[in-house]
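The values are calculated or read from the model by the stated rules, or taken from the named source; none is laboratory data. Being a predicted model, the structure only gives us computed values, none of them experimental. Every residue, glycine as well, gets a Cβ built from its backbone with ideal geometry; the counts of neighbours run over all protein chains shown.
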Amino acid sequence: MHDMTVQLGERSYPIHIGPGTLSLADHWIEGLGPRSVVITNEIVAGLHLPALQHALGNHPHTVLTLPDGERTKSLANVDAIVRHAIEMGLGRDGTFIAFGGGVIGDITGFTAATFHRGVGFIQVPTTLLAQVDASVGGKTAVNHALGKNLIGAFHQPRRVIIDTELLSTLPAREFSAGMAEVIKTLLLDSEDSLRWLESHMKALMERDPRALPEAILRCCSIKARIVSADETEQGHRAQLNLGHTFGHALETAYGGALVHGEAVALGLLMAAHLSQGLGWLDATVTQRLRSLIAAAGLPTTLPSPKPGADTLLMLMGRDKKNLGGLVRLVLLHGPGQLEVTADYPRAALDLTLREFTGEPS
Ligand code: NAD
Ligand code: GLY
């Protein structure tokens, strides 16, 4: 098992990574407060709730099971969680436990940030995507009809418990989606990290029990380092959004036909294409990225029917990371060499959007 810490002064917290961390209840059950509410979804509850409840033992808790899917990340479901918590008598000293993928983690964290002006929560991520990214760093949010993650807060969990055995039931498509964030994180870190990924790609896709916890540890460590230096994204943290401004626009445009990780994979390729078009990125890096994305079983071209370039541009314009009406993007000069900027020729962005949507320029 690997233990690490996200260093944030008095809000620092541990991350436990490895097979069977869930059942090591003595690691985490004390400090939960007098009572907890577990938030999960119908799929995860059906597969893994008994394991979580076994770990919780006699600790007083109730469970709220939400529907599956991205649409669950709504203000209506925040209301459902708050209602449940009030009815169950959860006080300021109570704890929310997020037991699921990024959707459950994001909505539980957001509710914890606001309920009684902030209560503690624990992340028990059950997808690869949530284990390598969403459960760490304290970004919480729900969606609005007009865009993804538009209502949110920074609220750090008290602890993150990453049990890699939970991934055994994860469908191949969702595993691949998680690999998109693995690729993103190791690409934005360094050439060495990218090489490590290239040499472990096969083992990772086979869910190798040694390679997988190591990849998760690498990703969590990289993310923790960035978050410790810039918790509320005043600068450096924006690098973690590599591929995400394109990706969020695609996710909204496809209305659920693309899962988050697939949209991020395509967003990474679009960011690389634009960077290459600007003369910043060597074509070999784009090619290595494309190979990794393909090896992860992720799409490298937009599925049909494709959205229009103008639709994507309009959706990118709504991204909360924009400044002064300009679309701010994370672009690449190479592995580990990123630039967060709105200062690039608009024509270059148009060209990338048209290339991917198949519209004549
Ligand atoms: P998800 O939570 O919808 O989970 C994907 C699917 O896997 C769901 O159908 C879920 O029920 C199922 N599932 C979960 N665990 C399983 C298991 N162990 N076995 C079988 N099935 C399982 O999606 P996700 O990809 O985990 O997360 C995507 C969400 O995370 C998006 O809303 C995205 O915006 C958010 N996100 C947040 C951050 C952050 O920093 N807060 C970072 C990245 C992504
Ligand atoms: N997923 C991007 C971040 O946490 O900052």
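For the stretch 201-220, the candidate set comprises residues that are over 24 Å from VAL6 (Cβ atoms) and of a type outside the set (Gly, Ala, Ser); within that set, the residue that is surrounded by the most Cβ atoms within 10 Å (Cβ to Cβ) is MET201. Number of residues in the stretch 2-22 that are over 20 Å from the mean Cα position of the chain (by Cα) and surrounded by 15 or more Cβ atoms within 10 Å (Cβ to Cβ) equals 4. Cβ-Cβ distances below 9 Å connect the following pairs, each with a first residue in the stretch 165-177 that is closer than 15 Å to LEU49 by Cβ, a second residue that is within 16 Å of ligand 2 (Cβ to nearest atom) and part of a helix (DSSP H, G or I), and a separation of six or more residues or different chains: LEU166/GLN131. Name the single residue, out of those in the stretch 126-138 being more than 9 Å from the chain's Cα centre (by Cα) and within 13 Å of ligand 2 (Cβ to nearest atom), that is surrounded by the most Cβ atoms within 10 Å (Cβ to Cβ). Here the answer is GLY137.
For GLY138, are the conditions met, namely being more than 20 Å from HIS84 (Cα to Cα) and among the small types (Gly, Ala, Ser)? The answer is yes for GLY138.
Taking every residue in the stretch 99-113 that is among the acidic types (Asp, Glu) and pairing it with any residue that is at pLDDT 95 or above and part of a helix (DSSP H, G or I), at least 6 positions away or on another chain, the pairs with Cβ-Cβ distances below 8 Å are ASP106/ALA134. Scanning the stretch 1-30 for residues that are assigned to a loop (DSSP other than H, G, I, E, B), out of contact with any strand residue (DSSP E or B) (no Cβ under 8 Å at 6 or more places or on another chain) and farther than 26 Å from LEU170 by Cα gives GLN7, GLY9, ARG11, GLU30.
Across the stretch 157-183, what is the total count of residues that are within 16 Å of ligand 2 (Cβ to nearest atom) and small (Gly, Ala, Ser)?
At the first step, the residues of the stretch 157-183 found to be within 16 Å of ligand 2 (Cβ to nearest atom) are 157, 160, 162, 177-183.
Next, only the ones that are small (Gly, Ala, Ser) stay: 177-178, 180.
Of the residues in the stretch 157-183, 3 are within 16 Å of ligand 2 (Cβ to nearest atom) and small (Gly, Ala, Ser).
Which ranges mark the strands (runs of 3 or more DSSP E) fully within the stretch 125-205 that have 1 or more residues being over 27 Å from GLN287 (Cα atoms) and near ligand 1 (Cβ under 9 Å from one of its atoms)?
Numbers: elements: 139-144, 147-154, 159-163.
In the stretch 125-205, the matching strands (runs of 3 or more DSSP E) lie at 139-144, 147-154.
What about PRO157, is it without any contact (Cβ under 8 Å) to a residue 60 or more places away in the chain and either within 26 Å of GLY46 (Cβ to Cβ) or in contact with a strand residue (DSSP E or B) (Cβ under 7 Å, 6 or more places away or on another chain) (or both)?
Working: without any contact (Cβ under 8 Å) to a residue 60 or more places away in the chain: no; either within 26 Å of GLY46 (Cβ to Cβ) or in contact with a strand residue (DSSP E or B) (Cβ under 7 Å, 6 or more places away or on another chain) (or both): yes.
The answer is no for PRO157.
Selection over the stretch 71-124 of residues that are assigned to a helix (DSSP H, G or I), closer than 20 Å to GLU251 by Cβ and of a type in the set (D, E, K, R) gives a count of 2. Looking across the stretch 90-112 at every residue that is buried (at least 24 other Cβ atoms within 10 Å of the Cβ) and in contact with a Leu (Cβ under 6 Å, 6 or more places away or on another chain), the one that is nearest to GLY152 (Cα to Cα) is identified as GLY102.
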